[in-house]
1. For residues that are farther than 30 Å from S19 by Cβ and of a type in the set (D, E, K, R), scanning just region 32-56, find the one that is most open to solvent (accessible area, probe 1.4 Å).
2. Residues that are in contact with a Ser or Thr (Cβ under 7 Å, 6 or more places away or on another chain) and not acidic (D, E): list the helices (runs of 4 or more DSSP H) wholly contained in region 4-72 that include at least 2 such residues.
3. Checking L59 against (1) among the aliphatic types (A, V, I, L, M); (2) open to solvent by 80 Å² or more (accessible area, probe 1.4 Å); (3) modelled with pLDDT under 95, which test does it fail?
4. Could you please let me know if K68 is open to solvent by 90 Å² or more (accessible area, probe 1.4 Å), without any contact (Cβ under 8 Å) to a residue 24 or more places away in the chain and not β-branched (V, I, T)?
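The values are calculated or read from the model by the stated rules, or taken from the named source; none is laboratory data. What you see is a predicted model, and the numbers here were worked out from it, not measured in a lab. Here the Cβ positions follow ideal geometry from the backbone for every residue, glycine too, while neighbour counts run over all protein chains shown. Accessible surface is based on the protein model in full, side chains and every heavy atom, while ligands, DNA and RNA are left aside. Shrake-Rupley method; radii C 1.70, N 1.55, O 1.52, S 1.80 Å.
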Amino acid sequence: MATSVRLPDRTSARLNRLSEKTGRSKAFYLRQLIESGLDQLEYEYGILQDIEDYRKGSLETYTLDEMKKRHGLDN
């Protein structure tokens, strides 16, 4: 999927320098950044959703004692 983005001049210059120093394309680095950034965003928003679910009372939680018993660590 082709997409275009407008980058600030400073960011564009940094991307150009990195590309020139390494011999890799700017598209290569943009793909890497998007993929790793999506992983991070999905992780962070997942945590925020868990917090919201906890506040609503819809997230199942366990006490430490319950977890120890559940996993056979209650000795």
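1. Among them, the one singled out is R55.
2. 26-56
3. With respect to (1) among the aliphatic types (A, V, I, L, M); (2) open to solvent by 80 Å² or more (accessible area, probe 1.4 Å); (3) modelled with pLDDT under 95, L59 is out only on (2).
4. No, not satisfied.
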